[in-house]
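Take a look at the structure set out below.
The values are calculated or read from the model by the stated rules, or taken from the named source; none is laboratory data. Everything quoted here is computed from the prediction, not taken from an experiment. Every residue, glycine among them, receives a Cβ derived from its backbone with ideal geometry; neighbour counts consider all protein chains shown.
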Amino acid sequence: MLIGLGGTIAMASSAGAVVPALGAAQLLAAVPGLAGVGVDVEVLDFRQTSSASLSFDDLLGLAAVLDALDGVDGIVITQGTDSMEETGYLLDLVYRGDTPVVMTGAMRAASLAGADGPANLLAAVRTAISPEARGRGVLVVMADEIHAASRVRKTHTTSVAAFRSPDGGALGEITEGRVRFAGAMTARRTVATPALDPRRPRVRVALLTMALGDDGTLVEALLRDDAWHGAVIAGFGGGHVPAGVVPALRRLATRMPVVLASRTGAGPVLTSSYGYPGGEVELLAAGLIPAGMLDPLKARVLLHVLLAAGVPGAEIAPAFADAVR
Ligand code: ASP
């Protein structure tokens, strides 16, 4: 099954700049060598948009579609690469099936020289029908590499090799049409899927990146505004903030779950190394929740899903501890 959501892979030129234009059937028709794989692919056009405009509700609706699919050997989802590290992780958290779900996209639009969409789609189809992909949750296949959606990041604005898993590396690769996994994955974590009830209050989780000279004004703004249900702080280094921000964060943590992550892009948030004012030891003692190995974007997705699923406050820190990979 191929499900299309839009993105560069489905974009073609319109008055000089590219916009979403191609449906899933057109994407398949552009893949040389697909017939040789010997697989019947059904298509579903689920959305036709840039990936920055996908919403949590879009993705939870897609998860419901995945759950209802019966009798398919594998599922490929095409979408824009911009938000794939978030959407892939969200689907990984809420999808409980064993059927492989493989996300892919393109860094170069279909109308550009050297478009990478067809090769990525072919590699994604091969991965989705691989028996070895079963039970691994949601995978991201780009540039002939297989990544866990729970770890992958988009690390470049234009390179066809933009997708990297800084903690642990790729899970496998596709060479000469053969799918090879390097090893087993650690256990996945799933979360009860939040009901798609339009009357459900919207969950809002803020993401604040700490930067040189931050004096806490942004955190104070969150404290004054009732719109927020949780926050992720992307701290310096191992999870640090300027000393002057601590009092506001301390107050924020009494009002909502506040998760501490690192803005560095790799490695765990620390828990017991730095004891100076604004260090992680003080912040965790003030009630912030360590994000473990999750980067700030993925930590925000997990916190959103936990809050939307109605997970009680006391269970949020254990859920983060459990999500570490
Ligand atoms: N702007 C595009 C999107 O994410 C980029 C891409 O698909 O690579 O929709």
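Being under 20 Å from Arg96 (Cβ atoms), modelled with pLDDT of 95 or more and of a type outside the set (Asp, Glu) is the filter here; which residues of segment 131-146 pass it? It would help to see each step written out before you state the result.
Of segment 131-146, the ones under 20 Å from Arg96 (Cβ atoms) are 131-140.
Now narrow it down to the ones that are modelled with pLDDT of 95 or more: 131-134, 138-140.
Passing the criteria: Pro131, Ala133, Arg134, Val138, Leu139, Val140.
Matching residues to (1) surrounded by 13 or more Cβ atoms within 10 Å (Cβ to Cβ); (2) at pLDDT 95 or above; (3) not aliphatic (A, V, I, L, M):
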{"position": "Ala17", "(1), (2), (3)": "no, no, no"}
{"position": "Val41", "(1), (2), (3)": "yes, yes, no"}
{"position": "Leu54", "(1), (2), (3)": "yes, yes, no"}
{"position": "Gly71", "(1), (2), (3)": "no, no, yes"}
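Enumerate the strands (runs of 3 or more DSSP E) found wholly within segment 61-175, keeping only those where 1 or more residues are over 15 Å from the mean Cα position of the chain (by Cα) and more than 27 Å from Leu302 (Cβ to Cβ).
Filter on segment 61-175 gives 172-175.
Residue check: is Thr99 within 11 Å of the ligand (Cβ to nearest atom), under 27 Å from Thr175 (Cβ atoms) and β-branched (Val, Ile, Thr)?
No.
What tally of residues in segment 27-68 results from selecting those that are more than 16 Å from the ligand (Cβ to nearest atom) and under 21 Å from Met107 (Cα atoms)?
Looking only at that region, the number is 6.
Could you say whether any residue in segment 189-197 is of a type outside the set (Gly, Ala, Ser), at pLDDT 95 or above and more than 15 Å from the chain's Cα centre (by Cα)? Quick ask: steps written out before the conclusion?
Kept after step one, since they are of a type outside the set (Gly, Ala, Ser), are these residues of segment 189-197: 189-191, 193-194, 196-197.
Filter again for at pLDDT 95 or above, leaving none.
Checked segment 189-197: no residue is of a type outside the set (Gly, Ala, Ser), at pLDDT 95 or above and more than 15 Å from the chain's Cα centre (by Cα).
Of the numbered conditions (1) crowded, with 17+ Cβ neighbours inside 10 Å; (2) within 15 Å of the ligand (Cβ to nearest atom), Ser13 fails exactly one; give the number of that condition.
Every listed condition holds for Ser13 apart from (1).
Can you name every residue in segment 69-90 that is under 26 Å from Pro166 (Cα atoms) and away from the ligand (no atom under 16 Å from the Cβ)? Show your work before the answer.
So the first thing to find is which residues in segment 69-90 are under 26 Å from Pro166 (Cα atoms), and the list is 75-90.
Across segment 69-90, the qualifying residue is only Ile75.
Determine, yes or no, whether Val203 is over 21 Å from Val72 (Cα atoms), out of contact with any Lys or Arg (no Cβ under 6 Å at 6 or more places or on another chain) and away from the ligand (no atom under 15 Å from the Cβ).
On the way: over 21 Å from Val72 (Cα atoms): yes; out of contact with any Lys or Arg (no Cβ under 6 Å at 6 or more places or on another chain): yes; away from the ligand (no atom under 15 Å from the Cβ): yes.
When the stated conditions are applied, Val203 passes them.
List pairs: first residue in segment 277-303 and more than 24 Å from Arg202 (Cβ to Cβ), second residue of a type in the set (A, V, I, L, M) and in a loop (DSSP other than H, G, I, E, B) anywhere in the structure, Cβ distance under 6 angstrom, at least six positions apart or on different chains.
So the pair list comes out as Gly278/Val241; Glu280/Leu270; Pro290/Val269; Gly292/Val324; Met293/Val324.
For Ser13, indicate whether it is farther than 30 Å from Glu176 by Cβ and either in contact with a helix residue (DSSP H, G or I) (Cβ under 8 Å, 6 or more places away or on another chain) or modelled with pLDDT of 95 or more (or both).
Numbers: farther than 30 Å from Glu176 by Cβ: yes; either in contact with a helix residue (DSSP H, G or I) (Cβ under 8 Å, 6 or more places away or on another chain) or modelled with pLDDT of 95 or more (or both): no.
Judged against the criteria, Ser13 is not a match.
Using the structure shown, decide if Leu112 is buried (at least 20 other Cβ atoms within 10 Å of the Cβ) and closer than 21 Å to Thr49 by Cα.
Numbers: buried (at least 20 other Cβ atoms within 10 Å of the Cβ): no; closer than 21 Å to Thr49 by Cα: yes.
So Leu112 fails the test.
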